[in-house]
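Visitor: I'd like to ask some things about the structure below.
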Protein chains: 4
Amino acid sequence: MMVVTNPPPELALFPALIQLPVQWGDQDAFGHVNNIVYFRWFESSRIAYLERIGLGGKQAGGLASVENVGPILAAIGCNYRRQIKYPDTVIVGARITRIGRSSMTMSHMVWSSTHQAVAADGESTVVVFDYAANQPKRVPDLYRALIEKLEGRKLEPA
Amino acid sequence: MMVVTNPPPELALFPALIQLPVQWGDQDAFGHVNNIVYFRWFESSRIAYLERIGLGGKQAGGLASVENVGPILAAIGCNYRRQIKYPDTVIVGARITRIGRSSMTMSHMVWSSTHQAVAADGESTVVVFDYAANQPKRVPDLYRALIEKLEGRKLEPA
Amino acid sequence: MMVVTNPPPELALFPALIQLPVQWGDQDAFGHVNNIVYFRWFESSRIAYLERIGLGGKQAGGLASVENVGPILAAIGCNYRRQIKYPDTVIVGARITRIGRSSMTMSHMVWSSTHQAVAADGESTVVVFDYAANQPKRVPDLYRALIEKLEGRKLEPA
Amino acid sequence: MMVVTNPPPELALFPALIQLPVQWGDQDAFGHVNNIVYFRWFESSRIAYLERIGLGGKQAGGLASVENVGPILAAIGCNYRRQIKYPDTVIVGARITRIGRSSMTMSHMVWSSTHQAVAADGESTVVVFDYAANQPKRVPDLYRALIEKLEGRKLEPA
């Protein structure tokens, strides 16, 4: 992924940033980027975030290789603020805003170079899952420490 | 789209139902259906719903041909309940649960034949947009009447 | 996948047939099904074919679980005959027309219910690969026998 | 799209080059980039090429706005040379190698930064189509001139 230098101020709080060109084929019959493409971008920023904290197993796309424990996407949502069309380049940010007992809340933001404005934002719930026990697991202290270090602040359990 | 006969009871309240085979390529490197595919299914059920009320312009995918007014997807979210793998066949339902001044809330549900259970549900906010005036527009009485007829009940403004 | 009954005569020679609804979101900004979607359909028919000969490992999507040997897609092409738009239902067929030393040629055909005609056809080259030795491998006699049984004819090495 | 500086020698003959990051979600259940993604990359390079010769209507993605004449993708194929996995960055090139009476042949090449090698190549046939007359049309002299200027050589009719 491209290193994002000089990110726009709207993305100042997002420690994981990726930059992606809009492809012509991302557009649907309405002539703008289809609504599902934003979730592909969110996903890419989520992976980038996990890599930033050293938990982004290439194969698994995440935490899976650590202690047979991995993240599961439990829920995700997107608010569409502006239509994006080809050509454009988006900067997509991810940050973690909450660490609960066994889940975390990640915020996403899509910034459009053409609009010079936020085009979408959203939120996902990632659950730490113990694949051996087949049930959610308490967020390991290691994860919390790595995340708080990257975020630069304490994240109180909520 | 396939006509869905004998839908499962979980989908009893959904007037628009579509049936889709899971394709092998819908799966990602985790070996299950990728999270963005569910939004493609939601979209297909949204279009099917609009067609059921006679507002599903083929080209526009929606209400757009009526009075230069069309729906815009303002927000959408999904809760993932069970992992879906190939092979499977999903039944996807859409219903409208709220009609506000210029927006409507649509509920979505994905039912897995393999699991014989709900695999995901979600909600979207659809705004009626006046493209000429470039602003949201009050939900036309015609839409409300068509939707309430299909839903079989009054939908109070919320 | 749906069982295809009464396939059109154009597909008479294709032992593996699948039926798929066109989704609205398969369309691009030209308002017709995007060119890459046909390759997704080809892929689904390829998997269906492998399942018909008992070599369609669900996880691997193919022959991979047999003897640490698996198919690799070496090349694929598509000829676009007619534009497909939503709504439509396509029937996609796959057949094997040649078995070489370490590769096979598979033919694909996409038939449009709306057009009542062939919308696309194509061909792919599948190589049998020995993952342990990291090189192509002679097509196992077992594969040849299973394929010839399904095709109902001898396939001379070419 | 990113400007590609210092392209690898394998892409020296390709006047239109784009650079794209591989997204994690481009991978399928085999854990490598799915075969259809290459055709999305080919498409993006095709659009980039048309833009280079001044015929890349943003909305239409091509020549369509000129004289009610537009390109239709008649055929496309891909040879897979090396598996691509996330993370990687690909450089994708497009060039026109033949101009016939009403069709052109475009070559595509995908170069992987991780492999430092060509990962795929392919070819497409683009037909100039007269939408009013509903039939193929002779390649306009303007197109030929623009293409030959970009390619830096004469392209004999074939």
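Quick note: the coordinates plus some simple rules give every number you see, no bench work behind them. Please read all numbers here as calculations on a predicted model, not as lab measurements. Here the Cβ positions follow ideal geometry from the backbone for every residue, glycine too, while neighbour counts run over all protein chains shown.
Visitor: A:ARG101 versus B:GLN116, label points 7 Å from Cα toward the beta carbon: distance in nm?
Guide: It works out to 3.2 nm between the two label points.
Visitor: Let me ask you something else. So, counting K/R as plus one and D/E as minus one, what does the shell of residues with Cβ under 13 Å around B:GLY93 add up to? Each step should come with its number before you reach the end.
Guide: Numbers: positive: B:ARG46, B:ARG52, B:ARG95; negative: B:GLU10, B:ASP121, B:GLU123, B:GLU151.
Counting the neighbours of B:GLY93, the net charge comes to -1.
Visitor: If you average the C-alpha positions of region C:89-149 and of region D:79-158 separately, how far apart do those two centres end up, in angstrom?
Guide: 26 Å
Visitor: On to the next question. In a Gaussian network model over chain C where Cα atoms closer than 10 Å are linked, find which of C:THR105, C:THR114, C:THR125 has the largest mean-square fluctuation.
Guide: Result for chain C, Cα springs under 10 Å: C:THR114 fluctuates most.
Visitor: Please list the non-local residues whose amide H lies under 5 Å from the amide H of C:ASN34, H modeled 1.01 Å from N, same-chain partners needing a gap of 5 or more.
Guide: C:GLN27, C:ASP28
Visitor: Taking the label point 7 Å from Cα in the Cβ direction, how far apart in nm is C:ARG153 from each other copy of itself, listed shortest first?
Guide: Once sorted, the set of distances for C:ARG153 reads 4.2, 6.0, 7.1 nm.
Visitor: Here's something else I'd like to know. Grab the beta carbon distance between C:LYS154 and C:ASP88, set R0 = 30 Å, and tell me the FRET efficiency rounded to 0.05.
Guide: On the way: r = 37 Å, r/R0 = 1.22.
That pair, C:LYS154 with C:ASP88, gives E of 0.25.
Visitor: Pairing the Cα long axis of helix C:141-151 with the longest principal axis of chain C, what angle in degrees results, from 0 to 90 and rounded to the nearest 10?
Guide: Approximately 30 degrees, to the nearest 10.
Visitor: How well do other chains shield peptide C:74-85, expressed as the mean number of their Cβ atoms within 10 Å of each residue Cβ? Numbers along the way, then the final one.
Guide: Numbers: counts 4, 9, 10, 8, 8, 5, 7, 2, 0, 1, 0, 3.
Counting other chains' Cβ atoms within 10 Å and averaging over C:74-85 gives 5.
Visitor: To one decimal in nm, how far is D:ALA117 from the same spot in the other copies, if labels go 7 Å from Cα toward Cβ? Please give the shortest first.
Guide: Ordered by distance, the counterparts are at 4.4, 4.6, 4.8 nm.
Visitor: Of B:ALA75, B:ALA117, B:ALA94, which is the most mobile in a GNM of chain B whose springs link Cα atoms less than 10 angstrom apart?
Guide: Per the Cα network of chain B with a 10 Å cutoff, B:ALA75 tops the list.
Visitor: Calculate the spin-label point distance for A:ARG52 paired with A:ASN68, positioning each point 7 Å from the Cα along the beta-carbon direction, and give it in nanometres.
Guide: So the two model labels end up 3.2 nm from each other.
Visitor: Sticking with this structure for a sec: Which of these, D:PRO71, D:PRO15, D:PRO140, has the largest mean-square fluctuation under a Gaussian network model of chain D (Cα springs below 10 Å)?
Guide: Greatest mean-square fluctuation among the candidates belongs to D:PRO140.
Visitor: Would you list the P(r) distribution for the protein assembly as shown, with all Cα-Cα distances sorted into 20 Å bins from 0 and each bin expressed as a whole %?
Guide: 18, 53, 28, 1
Visitor: As a quick test, which of the pairs C:LYS85/D:LYS137; B:LYS85/C:LYS137; A:LYS85/B:LYS137; C:LYS137/D:LYS85 have an alpha carbon distance above 28 angstrom in this structure? List each step's numbers first, then the result.
Guide: On the way: C:LYS85/D:LYS137 23 Å; B:LYS85/C:LYS137 30 Å; A:LYS85/B:LYS137 23 Å; C:LYS137/D:LYS85 23 Å.
Beyond 28 Å between Cα atoms: B:LYS85/C:LYS137.
Visitor: Taking the label point 7 Å from Cα in the Cβ direction, how far apart in nm is D:LEU13 from each other copy of itself, listed shortest first?
Guide: 3.4, 5.4, 6.4
Visitor: Another question, then. Take every Cα pair under 8 Å in region C:14-151 that's 6+ residues apart, average their separations, divide by the length, and report that relative contact order as a whole percent. Numbers along the way, then the final one.
Guide: Values: 279 pairs, mean separation 36.7, N = 138.
So the answer I get is 27 percent.
Visitor: Still on this structure, please answer the following. What number comes out for the charge environment of B:TYR38, summing +1 per Lys or Arg and -1 per Asp or Glu over other residues with Cβ under 15 Å away? List each step's numbers first, then the result.
Guide: On the way: positive: A:ARG40, B:ARG40, B:ARG46, B:ARG81, B:ARG82, B:LYS85; negative: A:GLU43, B:ASP26, B:ASP28, B:GLU43, B:ASP88, B:ASP121, B:GLU123.
Charge balance near B:TYR38 sits at -1.
Visitor: Between B:ASN134 and B:ASN6, what is the label-point separation in nm under the 7 Å Cα-to-beta-carbon projection?
Guide: In this crude label model, B:ASN6 to B:ASN134 measures out at 5.5 nm.
Visitor: Can you bin every Cα-Cα distance in region A:16-158 into 5 Å intervals starting at zero and give me the percent of pairs per bin, rounded to whole numbers?
Guide: 2, 10, 19, 21, 17, 12, 9, 6, 3, 0
Visitor: Here's something else I'd like to know. Would you mind giving the mean number of other chain beta-carbons within 10 Å of the Cβ of each residue in A:35-47, as a whole number?
Guide: On the way: counts 11, 12, 2, 3, 10, 8, 3, 3, 7, 7, 0, 2, 5.
Whole-number average of other-chain Cβ neighbours for A:35-47 is 6.
Visitor: How much mean residue ellipticity at 222 nm does chain D get from its helices, if each DSSP H run of length 4 or more adds -39500 (n - 2.57) and you divide by all residues, to the nearest 500 deg cm²/dmol? Before the final figure, lay out the partial values.
Guide: Numbers: 2 runs with 27 residues, N = 158.
Calculated at 222 nm, the ellipticity per residue is -5500 deg cm²/dmol.
Visitor: Only counting other Cβ atoms within 10 Å, I'd like D:HIS108, B:HIS32 sorted with the fewest neighbours first.
Guide: Working: D:HIS108 27, B:HIS32 18.
Listing D:HIS108, B:HIS32 from fewest to most nearby Cβ atoms yields B:HIS32, D:HIS108.
Visitor: Continuing with this model, one more query. How large is the dipole of the protein assembly as shown about the Cα centre if only Lys and Arg carry +1 and Asp and Glu carry -1, each at its Cβ, rounded to the nearest 20 debye? Let's see the in-between values first.
Guide: Numbers: 64 positive and 56 negative charges, 0 e Å.
So the dipole magnitude of the protein assembly as shown works out to roughly 0 debye.
Visitor: Sticking with this one: Which whole number gives the average count of other chain Cβ atoms within 10 Å of the Cβ atoms across peptide B:132-138? Please report the intermediate quantities before stating the final value.
Guide: Numbers: counts 0, 0, 0, 0, 0, 0, 0.
Per-residue shielding by partner chains comes out at 0.
Visitor: Please report which chain C residue places its beta carbon nearest the axis carrying chain C onto chain D, with the distance rounded to a whole angstrom.
Guide: Smallest Cβ distance to the axis, with its residue: C:GLY77, 2.
Visitor: Against the longest principal axis of chain A, how steep is helix A:37-52, in degrees 0 to 90 to the nearest 10, with axes from Cα atoms?
Guide: Result, in degrees: 40.
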